[in-house]
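The values are calculated or read from the model by the stated rules, or taken from the named source; none is laboratory data. What you see is a predicted model; the values in this text were computed from it and never measured. Ideal geometry is used to build each Cβ from the backbone, glycine not excepted, and the neighbour counts take in all protein chains shown. Surface areas here come from the heavy atoms of the whole protein model, side chains and all, with no ligands, DNA or RNA. Shrake-Rupley method; radii C 1.70, N 1.55, O 1.52, S 1.80 Å.
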Amino acid sequence: WLDAAMRACKHTEETDKQLNEKEFEMKLFIDCEYNGMGGQLLSIALVPLDKQLEPLYREQVVYEPVDNWVTDNVFPKLDHYAFGPRFKIPCSRAQLQADLAMYLNQYDCIHLISDWPDDIKYFCELLITGPGHRIDTPPMTIEIRRDLDCESDIPHHALADAKAMRDKYIELGLGHGS
């Protein structure tokens with residue numbers, strides 16, 4: 001038992017060293033919209049620090065009654081509802097998880113940055129595909145920063161909010177967006 005624990009600790013140290021050497025090559029800014037406090041995830045956006053790279057934006061099919069505030073303030077800004085079903089069709093949770101896995105696995109190492117803990121919660125819930133099963137991902141770290149809280153051009157739209165967060169990060173001199 002002790003030998004196995006020591007091997008696991010050694011592996012962790014080696015993994016940490018590899019992460020530090022990569023210097024978190026890919027910084028991704030995350031924002032989510034959801035159906036009120038603790039409600040269903042409605043949309044998610046992951047936006048790279050490098051403005052030349054493609055973000056991920058997905059909307060999920062809504063399967064629960066929608067909160068009145070969300071109906072008035074979030075739904076009109078979701079692409080599918082604002083621009084009609086031909087623009088972008090919300091996907092199932094399984095499809096969202098598949099898209100997320102494909103997007104994340106294009107990178108060797110990810111540093112996820114958010115301005116709100118619930119965004120991280122919803123992201124982590126998406127990683128779990130079933131009892132004892134999860135999406136395989138590259139090594140990841142998470143950072144939550146209150147100083148990135150800002151208003152976007154389209155408040156309560158995950159993609160616009162994540163891009164605004166990235167721009168604020170650059171404005172603060174914390175990174176450059178190429």
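Quick notes on this structure:
- Evaluation of MET102 against (1) over 19 Å from ALA162 (Cα atoms); (2) modelled with pLDDT of 90 or more; (3) open to solvent by less than 100 Å² (accessible area, probe 1.4 Å); (4) hydrophobic (A, V, I, L, M, F, W, C) (one fails), failing number: (3)
- Scanning the stretch 84-99 for residues that are in a loop (DSSP other than H, G, I, E, B) and at pLDDT below 90 yields a count of 7.
- Residue match in the stretch 72-83 (condition: at pLDDT below 90, over 18 Å from ASP115 (Cα atoms), among the small types (Gly, Ala, Ser) and open to solvent by 20 Å² or more (accessible area, probe 1.4 Å)): yes
- When HIS156 is tested against (1) assigned to a loop (DSSP other than H, G, I, E, B); (2) open to solvent by 80 Å² or more (accessible area, probe 1.4 Å), just one condition goes unmet, and that condition is (2).
- When the residues of the stretch 40-65 are filtered to those that are in a loop (DSSP other than H, G, I, E, B) and polar (S, T, N, Q), the one that is most open to solvent (accessible area, probe 1.4 Å) is GLN52.
- Condition met for HIS133 (open to solvent by 80 Å² or more (accessible area, probe 1.4 Å), modelled with pLDDT of 95 or more and of a type outside the set (D, E, K, R)): yes
- Flag if TYR107 is outside any strand (DSSP E or B), open to solvent by less than 20 Å² (accessible area, probe 1.4 Å) and touching a residue at least 24 places away in the same chain (Cβ under 8 Å): no
- Screening LYS168 on (1) buried (at least 16 other Cβ atoms within 10 Å of the Cβ); (2) in contact (Cβ under 8 Å) with a residue 24 or more places away in the chain; (3) in contact with a Leu (Cβ under 8 Å, 6 or more places away or on another chain) shows it passes everything except condition (2).
- Some residue of the stretch 142-163 being at pLDDT below 95, among the hydroxyl-bearing types (Ser, Thr, Tyr) and out of contact with any helix residue (DSSP H, G or I) (no Cβ under 7 Å at 6 or more places or on another chain): no
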